[in-house]
Amino acid sequence: MKRPWSIALRLAVWLSLGTGLFWVGAAAISSVVLQHELQEAFDDTLSQSAYRLLPLALHDLREPGERRGPVPGIDDPGDAAFTYFVHDSTGTVILRAEDAPEDITSVPTAEGFLELDGRRAYAITDPRSGLGIVVLEMSNHRGKALTDAVSTLFWPLAALLPLIAGGIWLAVGLAMRPLRRFARDVALRDETNLTPLDAEGQPAELAPIAVEVAGLLDRLKAAMEAERSFAANSAHELRTPVAGALAQTQRLALELGDHPAKGRVQDVERSLRHLSQLSEKLLQLARLEAGFARSAELVDLRPIIELVVRDFENVHSSAGRVSLMLAPNLDLHARINPDAFAIALRNLIQNGLIHGEDDGQVLVSATPGPVISVSNDGGVVPSEILAQLGTRFARGNTNASGTGLGLAIVNAIMRQAGGNLTLSSPRSDASDGFSGALDFKHHN
């Protein structure tokens with residue numbers, strides 16, 4: 001998917017383009033004004049030259065033996081800005097400058113500015129003698145001056161536009177800092193962190209958004225707390241009557257002896273056990289949603305692991321089935337609540353006991369990281385089912401009893417503690433089986 005443009009980039013691009021367009025427009029207007037002013041200046045020089053040269057030319061015609069001094073801009077061969085023609089009343093050229101074009105033998109008798117041989121010219125006539133002079137512009141000083149002036153307006157834009165764009169980008173970046181801080185604050189909120197946002201000190205544009213988001217978080221927090229409270233209270237209230245009903249059912253089963261109804265009583269007992277397990281898992285989830293798995297301090301996991309494994313060894317149904325393998329000097333410290341870690345490890349072991357082979361072994365081991373693994377024997381779990389495990393009420397193809405919440409609870413605990421739950425099947429050291437790993441590698 002194409003990445004959308006950020007607001008900062010859009011502002012920088014559009015402001016830079018706008019600045020460039022305004023500069024070009026101002027330079028274009030200035031160019032028109034400059035052209036007009038330069039035309040007036042060169043025309044004024046052309047007319048002044050004509051008024052200056054006419055008396056000199058008439059003097060040359062009356063006194064052909066006398067030589068006048070060179071006329072700057074006309075008689076300098078290396079820098080001939082103008083040339084001239086002297087004509088009679090019919091327009092016939094009777095005197096020309098040394099550099100004047102030879103192919104022009106007659107000129108217009110009209111006075112004022114005119115075009116001659118594609119060049120700008122100015123003509124005046126002596127009223128007494130009837131002789132006139134046409135001063136013709138020879139150089140391209142007029143166009144060159146205009147080009148130089150216009151380029152002086154436009155060329156700096158090429159150098160300054162990147163600087164302007166960089167300055168705008170920097171300014172926009174500084175102005176967008178409150179928005180980035182606000183985005184980071186919102187990103188930190190999740191189901192375990194719904195603390196109010198600080199709307200104070202926000203820019204005027206962000207303040208209404210901050211207030212509305214804060215209100216939304218408050219409403220969401222109230223709804224989630226009501227849901228958690230309902231789940232926790234329901235599970236808690238169920239524990240006592242379910243435990244009582246289970247005890248009465250077990251007693252009834254003993255009293256029935258070999259009665260045919262004993263099988264149905266045992267079915268009721270299994271259902272009540274499942275309900276008891278479900279209420280216990282719901283209580284664990286309610287605690288998790290309050291965010292209790294996080295810990296600011298490093299916790300030594302070794303005694304917790306040993307205690308949990310020992311608890312399973314003391315239960316008749318799992319005695320001899322859970323083994324522990326820990327290296328003596330392995331660092332087993334992580335930032336996780338001890339109770340939360342015990343719940344996660346206990347759920348992984350229970351998962352291995354319930355869904356592994358009947359009377360199969362469950363191995364608890366640890367590797368540097370630390371990574372605590374719980375593996376069991378059994379068939380290979382298909383990859384599409386393995387990808388779903390760890391979500392609530394997701395179960396594999398098994399007839400074993402279970403709530404579908406054990407791995408979901410482990411996954412939630414690890415996410416809160418900053419670790420990962422990694423599920424794999426088959427195990428890394430075998431061609432079958434199942435393994436769940438509590439990975440704290442990137443946690444400390």
Within the range 337-350, identify whether any single residue is under 39 Å from the mean Cα position of the chain (by Cα) and among the polar types (S, T, N, Q), and answer yes or no.
-> yes
Just one listed residue, out of Asp258, Asp300, Asp218, is charged (D, E, K, R), modelled with pLDDT of 75 or more and closer than 27 Å to Pro338 by Cβ, and it is Asp300
List, please: which pairs have Cβ atoms under 8 Å, are six or more places apart or on different chains, and start with a residue in the range 306-325 that is touching a residue at least 40 places away in the same chain (Cβ under 8 Å) and part of a loop (DSSP other than H, G, I, E, B) and end with one that is surrounded by 11 or more Cβ atoms within 10 Å (Cβ to Cβ) and of a type in the set (A, V, I, L, M, F, W, C)?
-> Arg321/Phe312; Arg321/Leu353; Arg321/Val362
Which residue out of Ala366, Ala400 is in a strand (DSSP E or B), aliphatic (A, V, I, L, M) and either within 19 Å of Arg273 (Cα to Cα) or modelled with pLDDT of 85 or more (or both)?
-> Ala366
Could we say that Ser106 is of a type in the set (Ser, Thr, Tyr), surrounded by fewer than 16 Cβ atoms within 10 Å (Cβ to Cβ), in contact with a Gly (Cβ under 8 Å, 6 or more places away or on another chain) and closer than 21 Å to Leu46 by Cα here?
-> yes
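Here is a yes/no grid of residues against (1) assigned to a strand (DSSP E or B); (2) farther than 23 Å from Gln39 by Cα:
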position: Val86; (1), (2): yes, yes
position: Val93; (1), (2): yes, yes
position: Glu98; (1), (2): no, yes
position: Pro101; (1), (2): no, yes
position: Ile104; (1), (2): no, yes
position: Pro108; (1), (2): no, no
position: Glu115; (1), (2): yes, no
position: Ala123; (1), (2): yes, no
Taking into account only those residues within the range 1-54 that are of a type in the set (Ser, Thr, Tyr) and in contact with a strand residue (DSSP E or B) (Cβ under 6 Å, 6 or more places away or on another chain), which is surrounded by the fewest Cβ atoms within 10 Å (Cβ to Cβ)?
-> Ser47
Please indicate, with yes or no, whether at least one residue in the range 152-168 is under 30 Å from Arg52 (Cβ atoms), in contact (Cβ under 8 Å) with a residue 24 or more places away in the chain and touching a Leu at 6+ places or on another chain (Cβ under 9 Å).
-> no
Within the range 127-146, considering residues that are in a loop (DSSP other than H, G, I, E, B) and without any contact (Cβ under 8 Å) to a residue 12 or more places away in the chain, the one surrounded by the most Cβ atoms within 10 Å (Cβ to Cβ) | Asn140
Restricting attention to the range 128-183, report how many residues are among the small types (Gly, Ala, Ser) and either closer than 30 Å to Ala97 by Cβ or in contact with a Gly (Cβ under 8 Å, 6 or more places away or on another chain) (or both).
-> 7
Determine whether the range 19-32 contains at least one residue that is touching a Gly at 6+ places or on another chain (Cβ under 6 Å) and modelled with pLDDT of 85 or more.
-> no
Among the residues of the range 318-339, count how many are modelled with pLDDT under 85 and of a type in the set (Gly, Ala, Ser).
-> 4
Without any contact (Cβ under 8 Å) to a residue 60 or more places away in the chain, β-branched (Val, Ile, Thr) and surrounded by 15 or more Cβ atoms within 10 Å (Cβ to Cβ): does that describe Ile349?
-> yes
Is it fair to say Leu345 is assigned to a strand (DSSP E or B), at pLDDT 80 or above and under 22 Å from Asp432 (Cα atoms)?
-> no
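Let's see how each residue does on (1) closer than 30 Å to Ser89 by Cβ; (2) in a helix (DSSP H, G or I); (3) hydroxyl-bearing (Ser, Thr, Tyr):
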site: Trp23; (1), (2), (3): no, yes, no
site: Ser30; (1), (2), (3): no, yes, yes
site: Leu38; (1), (2), (3): no, yes, no
site: Tyr51; (1), (2), (3): yes, yes, yes
site: Pro55; (1), (2), (3): yes, yes, no
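The values are calculated or read from the model by the stated rules, or taken from the named source; none is laboratory data. Quick caveat, the model's predicted, so the values are computed rather than measured. When we count neighbours, we look across all protein chains shown, and the Cβ atoms used for this are built from the backbone with ideal geometry, even at glycine.
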